[in-house]
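K.L.:
My structure is below; once you've seen it, I'll send some questions.
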Amino acid sequence: ATKSLSKGALEIQLILERAADESERKSERVGKAWEEKKQAARGGTVMTKNAPRWFKRDTEGKLAVLKDGKLVPDPLRVKVVKRIFTLAATRYGLVSLAKKLTVEGVPSFGGRRKEWTRSYLAIILKDRRVLGEHQPMKDGKPDGAVIPNYYPAVVSEEEWLAARGGRQDRTDKPGRRGSHVNIFAGLLKCGTDGGPYHLSNWK
């Protein structure tokens, strides 16, 4: 019985060792293939995995790719992205943005959810892929330099910076500015589109 048990244990050990070796070889193959893809990306070949959602896809979710390997922007979604940046530049916050797009019936393209969320809008507004850039990653960290002109840009650098500046104005909350105080700040909203109320002092 002891010999039989030892033989069975040995067989199990051999099976586990073979499985570990195979797993290691597979990991090496995947790692090598991924490194080759990243090198190809630096040469201009687009990796379609996890590409932004403002590029065209077919009914099965497969990305549309031109003969030169470039992705095809979706005109309607690009228009939405540009509007998000324009509104953010005029100091629309994430809550106001989400509410405005939802009330207007603008379809979200953030996955399964149909409504716009603050988290997804925040991702779009800080995502430099809208500028055409691609940052290769490894283990969740940047891997090498950013690749410019990787995707077709959908907003300009000026639009991106303006949107970031508009959000920063809302985040900093520096307190009173000038000699006039807007006692309705943060309380009143536009009855038409739900946008923020601003005080103008015309002379």
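K.L.:
Which of the residues belonging to segment 116-152 are open to solvent by 20 Å² or more (accessible area, probe 1.4 Å) and among the β-branched types (Val, Ile, Thr)?
P.N.:
Matches in segment 116-152: THR117, ILE123, VAL146.
K.L.:
Across segment 60-91, what is the total count of residues that are of a type outside the set (Val, Ile, Thr), within 17 Å of the chain's Cα centre (by Cα) and not in a loop (DSSP other than H, G, I, E, B)?
P.N.:
9
K.L.:
May I pose another question? Going by the structure shown, is ALA40 modelled with pLDDT of 90 or more and either open to solvent by 90 Å² or more (accessible area, probe 1.4 Å) or not in a loop (DSSP other than H, G, I, E, B) (or both)?
P.N.:
Details: modelled with pLDDT of 90 or more: no; either open to solvent by 90 Å² or more (accessible area, probe 1.4 Å) or not in a loop (DSSP other than H, G, I, E, B) (or both): yes.
No: the conditions fail for ALA40.
K.L.:
Another question about this same structure. Among the helices (runs of 4 or more DSSP H) lying completely within segment 92-195, list those that include at least 2 residues that are among the charged types (D, E, K, R) and at pLDDT below 90.
P.N.:
Working: elements: 94-103, 118-126, 157-172.
Of the helices (runs of 4 or more DSSP H) lying wholly inside segment 92-195, those with at least 2 residues that are among the charged types (D, E, K, R) and at pLDDT below 90 span 157-172.
The values are calculated or read from the model by the stated rules, or taken from the named source; none is laboratory data. Please read all numbers here as calculations on a predicted model, not as lab measurements. The protein model used for the area step is the full one, side chains on, heavy atoms only, and it has no ligands, DNA or RNA in it. Shrake-Rupley method; radii C 1.70, N 1.55, O 1.52, S 1.80 Å.
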